[in-house]
Amino acid sequence: MQPVTHNTIQLKKMNVELVKNVLKAQGIGTKASIANLTKLSVATCGTILNELAAAGEVIEMESDGPSGGRPAKQYKYNADFGCVVCLLVKTEGGIHSISYSIVNLVGETVKETTIELQHIDVDVIDGLIEKLVGENGNVQAIGIGIPGVVHRGVIGVCDVPDLAGKPVGPYFEEKYEVSVTIENDMNMTVYGFYHLQNFEEEKTFAVVTFPKNHFPGAGFIVDGRILSGNTKFGGEVSFLPFGMTREEQLRQLHTDEGFVRLAVNTLTSIIAIINPVTIAITGELPREAQLDELYRGCIKDIPEEHMPQLFIQNDTYREYMKGMVTATLESLTYRLQVIERR
């Protein structure tokens with residue numbers, strides 16, 4: 001008997017992902033219909049479906065076939081085979097909060113709520129995760145959005161001081177023995193915006209946020225992929241050379257004139273570097289009435305034919321959670337597939 005090669009294992013995992021993705025998208029399928037959509041053989045699909053059904057991840061159903069013949073078995077993906085837990089850590093206007101969603105394996109929200117806290121540190125997050133894992137069966141992955149820089153699960157510069165420098169990702173992976181995705185809030189917000197746009201082809205898209213009492217940040221999608229940089233520092237636009245101290249930058253952002261000037265500088269920098277199709281301007285500081293002034297400020301330096309669409313959207317909770325849920329569910333798929341997509 002020949003040993004199973006690494007490539008054979010990889011191929012099997014990729015084929016399993018193909019079958020699961022088709023079932024999730026189609027709802028119900030037969031071996032033949034799944035084989036047609038995946039371009040795998042009926043025999044290969046049958047083997048994979050039997051294994052998934054035995055594990056409980058796929059539900060085997062009997063179809064109402066034509067009389068006189070045995071109907072083909074139908075299969076349905078079991079969305080409730082497991083779930084993921086997604087947390088969004090926030091600190092805005094002096095209010096600390098964690099929003100969380102329990103989501104089944106096809107992305108449907110089972111439970112969602114927000115809790116306000118006196119302070120947030122690793123122990124607070126750990127206590128909440130422990131509670132949610134205990135209350136929900138078969139948690140398969142955890143996703144945490146952080147208002148700061150995250151590199152290999154370790155938090156760097158962060159709006160929540162008690163999280164800075166903490167190896168949150170490795171700690172939670174060891175404790176809960178599941179995939180843990182720790183991501184910057186702006187990366188997840190732009191990822192959510194992008195997925196909700198349903199672009200027909202890969203585009204370049206940006207989100208820049210101007211929160212109250214905090215420094216601005218940005219998230220970028222370039223040709224359909226998150227651009228986060230070598231050490232995940234990409235998007236830290238408050239470090240642009242504005243010619244003033246960070247303290248003065250923060251002060252000016254909270255004045256009408258200063259906000260427009262600094263926002264225009266930030267937007268023109270983003271446009272000149274990544275040339276996005278759209279920039280969403282978010283956070284508590286921007287006002288809809290400022291949109292024309294921001295556009296006019298940009299075209300003083302940017303040729304109008306290269307200007308993206310600009311729009312202001314103060315509340316981005318839906319997009320942030322969408323991005324976090326999408327990334328967390330992707331962490332469950334075979335890694336080569338995730339690299340291809342993200």
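Before moving on, here are some points about what is shown:
- Kirkwood radius and radius of gyration were both taken over the C-alpha atoms of segment 84-203, and their ratio Rg/Rh is 0.96.
- Zone residues, segment 211-244, relative to Q252, backbone N less than 11 Å from point 7 Å out along Cα-to-Cβ: 241-244
- P(r) weight above 14 Å for segment 71-146, C-alpha pairs, percent: 63 percent
- When the chymotrypsin sites (Phe, Trp or Tyr not before Pro) in segment 134-205 are filtered for DSSP coil states and for at most 14 other beta-carbon atoms within 10 Å of their beta-carbon, the remaining sites are F199.
- Helical contribution to [θ] at 222 nm, DSSP H n ≥ 4, -39,500 (n - 2.57), averaged over the chain, rounded to 500: -12500 deg cm²/dmol
- Other-chain or far-sequence residues with amide H under 5 Å of K166's (modelled H): I155
- Stretching the chain fully between T114 and T231 yields a gain of 39.1 nm (0.36 nm per residue, less the alpha carbon separation).
- Restricting the calculation to Cα atoms, segment 139-255 shows an Rg/Rh of 1.01 when the hydrodynamic-style radius is the Kirkwood one.
- Charge dipole of the chain (Cα centre as origin; +1 on each Lys and Arg Cβ, -1 on each Asp and Glu Cβ, all else neutral): 1080 debye, rounded to the nearest 20.
- Residue-wise HN-Hα couplings along segment 15-26, as the Karplus relation 6.51 cos²θ - 1.76 cosθ + 1.60 with θ = phi - 60° gives them from phi, are 5, 4, 4, 4, 5, 5, 5, 5, 5, 4, 6, 8 Hz; Gly and Pro carry x.
- Interchain or long-range residues, amide H under 5 Å from H151's placed H: G156
- ³J(HN,Hα) computed for each position of segment 150-158 - Karplus, 6.51 cos²θ - 1.76 cosθ + 1.60, integer Hz, glycine/proline x: 10, 10, 6, x, 9, 8, x, 4, 8
- Largest accessible area first, the residues L332, L37 order themselves as L37, L332 under a 1.4 Å probe with ligands, DNA and RNA left out.
- Heavy atoms of the protein chains alone define the surface here; on that basis segment 65-163 has 46 Å² accessible area per residue at 1.4 Å probe size.
- For the chain, the share of accessible area belonging to carbon and sulfur comes to 50 percent (1.4 Å probe, ligands and nucleic acids excluded).
- Dipole-positive endmost among P211, A79, G127 within the chain (Cβ charges, Cα centre): A79
- Its residue count N fixes a reference of 2.2 N^0.38 Å for segment 214-342, and the Cα radius of gyration divided by that reference is 1.16.
- Using a cutoff of 8 angstrom between alpha carbon atoms and counting only pairs six or more residues apart, the relative contact order for the chain works out to 15 percent.
- Area accessible to solvent at E293, 1.4 Å probe radius, in Å²: 90 Å²
- Relative pair counts by distance (%), Cα atoms of segment 260-329, 10 Å bins: 19, 46, 27, 8, 0
- Nonlocal amide H pairs with T278, under 5 Å, H built at 1.01 Å: A206, Q309
- Taking the centroid of alpha carbons for each part, segment 179-229 and segment 5-66 are 33 Å apart.
- Measure of compaction for the chain (Cα Rg per 2.2 N^0.38 Å): 1.14
- Of the peptides 134-142, 162-170, the ranking by mean beta-carbon count within 10 Å, highest at the top, reads 162-170, 134-142.
- Divided by 2.2 N^0.38 Å, where N counts the residues, the Cα radius of gyration of segment 25-110 comes to 1.60.
- Sorting the segments 183-189, 105-111 by their residues' average number of neighbouring beta-carbon atoms within 10 angstrom, most packed first, yields 183-189, 105-111.
- Packing-based ranking, highest mean first, of 240-247, 206-213 given that Cβ atoms within 10 Å are counted: 206-213, 240-247
The values are calculated or read from the model by the stated rules, or taken from the named source; none is laboratory data. Predicted model only: the values in this text are computed from it and were never measured. All Cβ positions, glycine included, derive from the backbone under ideal geometry; neighbour counts span all protein chains shown. Accessible surface areas use protein heavy atoms only, side chains included; no ligands, DNA or RNA. Shrake-Rupley method; radii C 1.70, N 1.55, O 1.52, S 1.80 Å.
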